[in-house]
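*Asks:* Mind having a look at this structure? Questions to follow.
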Amino acid sequence: MRADFLIVGQGLAGTLLAWECERAGFSFAIADAGHATASSGVAAGIINPITGRRLVKSWAIDGRLPVARAAYRELEAALGVPLWREMRVRRIFSDERDRRVLADKRARGELGVFAGPATEEGDGFWIERAARVDLPALLAAARERWRAMGRLRTGVTDVAAELAQHDLVIDCTGVAGARGGAFGFVPWEYSKGETLTLAVDGLAPEVILNRGHWVLPVSPGVAWIGATHRPGAIDAVPTAAARDALEASARTLLAGRAFAVTGQMVGVRVNLLDKHPVVGRHPAMTRLGLLNGLGSKGALHAPALARQWVNHLTEGVPFDAEVDVARFFGCPASQALSP
Ligand SMILES: Cc1cc2nc3c(=O)[nH]c(=O)nc-3n(C[C@H](O)[C@H](O)[C@H](O)COP(=O)(O)OP(=O)(O)OC[C@H]3O[C@@H](n4cnc5c(N)ncnc54)[C@H](O)[C@@H]3O)c2cc1C
């Protein structure tokens, strides 16, 4: 059966978009080549409201966190799998500079409700209202749902060629679309990331440990530690350097607790220089759209961006300027394309 809309890519972006299309009652299909290279398959799914050495409150989190919580809760109910876990982050200071940054930001009120009390040990502070979304479980259960409904197509799809068959094709192919698709004028950036799976007992299930890297308890006796950042690298080869760095962090964060490394995973993040994701329509082929550039915060942003697409399609609402692909229409490569 012909579908009006085709979504290409069933990573986090395509899954949330397809879900919003299903809720809106659209005629859609979703095509995916398998999750072997999907960064959503290796992502920890952490939503951390305060990140980095400079303790920056995540962009747009006040508005996007409630949207994300509601969307994943709905998906849990529809798919019948647990996906959303409320967490706290135990942010441990690296040095005196960290303490000063926190004190300054608290004094200026920059961190809002997300900066909690000092840890009992006095070695850091609690970040409140964090969460973890189980992305591998989400991808698998959603895939099964759309397969059963006859909406899923498997295999590699030529995104632009599908315009002959559908009113609208939306590219959600992550790194593949950024490197080779029709949106080549967008100034894409890449960052390879690696994580380790650890066998370790006794971690509190609702606490993420964080100092440079993070430790996320994923199930009893199992935790992940990550993630490394190698800007510019796009290969999916696990490295000894990343393993050494993550093992060193595990020794510090787990404070003497015994652990064993049982796995290593690799993925590539797609970013834009302004660190905002990107949605919208191609300047010349306006029936071609995209949702990409989720960077290291896809779990937070994907639900709201998928909602923007549906509002755009049902009511003609323009995309927010901060995420609209139109912000790159001044780039030299796009001027040649503009009608
Ligand atoms: C190590 C690591 C840790 C991370 N941790 C977190 C975290 O804790 N929290 C967080 O929010 N984010 C995290 N991220 C980022 C997160 O992975 C991304 O933001 C998000 O998953 C990107 O999703 P996507 O759907 O855009 O791309 P992808 O997940 O890469 O999905 C793209 C899909 O498109 C398919 N595809 C590609 N080309 C075609 C084609 N031609 N035809 C058909 N199908 C195609 C692929 O097979 C794939 O399934 C992490 C990333 C890495 C690498």
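Please treat every number below as a calculation from the coordinates, not as lab data. Remember, it's a predicted structure, so these values are computed and weren't measured experimentally. For neighbour counting, all protein chains shown are included, and Cβ atoms are generated from backbone atoms with ideal geometry for every residue, glycine included.
*Asks:* Counting only GluC sites (Glu not before Pro) that are in a DSSP loop and have at most 15 other C-beta atoms within 10 Å, tell me the longest site-free stretch of the chain.
*Replies:* Looking at the chain, 207-321 is the longest stretch - no exposed GluC sites (Glu not before Pro) with at most 15 other Cβ atoms within 10 Å.
*Asks:* Starting from segment 1-81, pick out the trypsin sites (Lys or Arg not before Pro) whose DSSP state is loop and whose Cβ has at most 15 other Cβ atoms within 10 Å.
*Replies:* Those that pass, being in a loop and sparsely packed, are 2, 53, 54.
*Asks:* Can you bin segment 236-293 into rounded, prolate or oblate? Criterion: square roots of the alpha carbon gyration tensor eigenvalues sorted a ≥ b ≥ c, rounded for a/c under 1.5, prolate for a/b above b/c, oblate for the rest.
*Replies:* Prolate is the answer for segment 236-293, as a/c is 1.5 or above and a/b outweighs b/c.
*Asks:* Using a Gaussian network model of the chain whose springs link C-alpha atoms within less than 10 Å, name the residue from 265, 87, 149 with the highest mean-square fluctuation.
*Replies:* Highest fluctuation of the listed residues: 149.
*Asks:* Over the chain, what relative contact order in percent results from Cα pairs under 8 Å that are six or more residues apart?
*Replies:* The value is 22 percent.
*Asks:* Still on this structure, I have one more. Which of the peptides 234-243, 273-282 is most tightly packed, and how do the rest follow, going by the mean number of other Cβ atoms within 10 Å of each residue?
*Replies:* Highest mean packing first, the order is 273-282, 234-243.
*Asks:* Cα centroid distance between segment 312-326 and segment 102-116, in Å?
*Replies:* 32 Å
*Asks:* Now for a different question. What is the Cα coordinate range of segment 191-267 on the first, second and third principal axes, sorted by size from largest, in whole angstrom?
*Replies:* The principal-axis extents, from largest down, are 36, 21, 20 Å.
*Asks:* How much mean residue ellipticity at 222 nm does the chain get from its helices, if each DSSP H run of length 4 or more adds -39500 (n - 2.57) and you divide by all residues, to the nearest 500 deg cm²/dmol?
*Replies:* Mean residue ellipticity, 222 nm, calculated: -9500 deg cm²/dmol.
*Asks:* Right, here's the next one. Find the all-direction average of the projected area of the Cα convex hull for the chain, expressing the result in square nanometres with one decimal place.
*Replies:* Over every viewing direction, the Cα hull of the chain projects on average to 17.7 nm².
*Asks:* Is any residue of segment 174-205 close enough, with backbone N under 19 Å, to a label point placed 7 angstrom from the Cα of residue 257 along the Cα-Cβ axis, and if so, which?
*Replies:* Answer for segment 174-205: 195-205.
*Asks:* In whole Å, what is the distance between the alpha-carbon centres of segment 140-194 and segment 1-51?
*Replies:* A separation of 9 Å, based on Cα centres.
*Asks:* For residue 331 paired with residue 53, estimate the spin-label separation in nm (one decimal), with each label point 7 Å from Cα along the Cα-to-Cβ line.
*Replies:* It works out to 2.8 nm between the two label points.
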